[in-house]
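Enquirer: The following block contains the structure, expressed as structure tokens.
The values are calculated or read from the model by the stated rules, or taken from the named source; none is laboratory data. This one's a predicted model, so the numbers in the text were calculated from it and none came from an experiment. When we count neighbours, we look across all protein chains shown, and the Cβ atoms used for this are built from the backbone with ideal geometry, even at glycine.
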Amino acid sequence: MLRRGGCVRSRVAAAYSAFPVRDWTPALLAEGPRGATGVCIVEHMGSEAIGWFSSFVLVLTIANQVYRQWRSGTSQGVSRWLFVGQLTASTGFTLYSVLVGNWVFVVTNALMWVSALVGLAIVLKHRRAERRLSPRGTESTGMSPARA
């Protein structure tokens, strides 16, 4: 028996959990502090709930910000490189999360990638509309002509 995170794991569970893709089986094979099975499942579900809740809050706040950017009609002060960097990082984090089998982060990072793509599209749309209506040689305001 091996002790890990408050649960005593059998050698079978410890050997199984060494594989990169995780599922419920290691928790099912684990025994609680007094030999009662299922204790580790509750601990795992608690950490999963914290992860999913945190993911929900993060994605909701980013989506709200992108929506406000769209509604305001301006991308003044917003660099397109912010979204390019976010796309790159989210791609890497999503691939990493798939490789380690963490579905909370797979979903979160995939949704962050989508929000970065939408944010970049909004910035490019605002800048294109700006260039179309601005006379040459004048400074750009970052304001969409439709909203100005």
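Enquirer: Looking only at the stretch 80-97, which residues are under 15 Å from V123 (Cβ atoms) and either in contact with a helix residue (DSSP H, G or I) (Cβ under 8 Å, 6 or more places away or on another chain) or among the aliphatic types (A, V, I, L, M) (or both)?
Expert: R80, L82, F83, V84, Q86, L87
Enquirer: Go through (1) outside any helix (DSSP H, G or I); (2) modelled with pLDDT of 90 or more and name the single condition E139 misses.
Expert: The number of the failed condition is (2).
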